[in-house]
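Notes follow once the structure below has been shown.
Please treat every number below as a calculation from the coordinates, not as lab data. Computed from a predicted model, the values in this text were never measured in an experiment. Reconstructed Cβ throughout: ideal geometry from the backbone, glycine too, with neighbour counts over all protein chains shown.
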């Protein structure tokens, strides 16, 4: 953590994050099977990071678990249908991708407005088809921005 002072091993003086000395009394005690560990800091045993509590540095990462699972499954079924009908990732090679997938998304939304729920060909929800179209457009736009 930024601003947190480095802690030192009481066995060999290694700074937090470093590999302990071969003659470290703490590491040698761990290797001998001692079960008591100091809880004040993480430490390393050889190249293995040892900590009493598991650590995962993911506080600034997106919470993928917030994606609605039923919607994910419906979208995955549409993608699977498309991969079988055309080819996996065929959408990436479609000319004029932005316009054509916008038109396709709007057609699926229009079908819902007219009272349809499922696409006649795939049997999947029109919303799932529209989301796929929008995801294709978003992926294409994000890749284009990243390559500028």
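Below, the figures for the structure above:
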| item | result |
| --- | --- |
| Mean Cβ count within 10 Å, highest first, over the residues of peptides 137-144, 126-133 | 126-133, 137-144 |
| Viscosity 1.002 mPa s, 20 °C: Kirkwood-radius Stokes-Einstein D of region 64-146 over Cα pairs, µm²/s | 161 µm²/s |
| Label-point separation in nm, residue 112 to residue 92, each point 7 Å along Cα→Cβ | 2.8 nm |
| Chain lengthening between residue 141 and residue 120 when straightened (0.36 nm per residue, less Cα-Cα) | 4.6 nm |
| Residue order, fewest to most beta carbons within 10 Å, for 108, 125 | 125, 108 |
| Order by protection proxy (mean Cβ within 10 Å, highest first), peptides 101-107, 85-91 | 101-107, 85-91 |
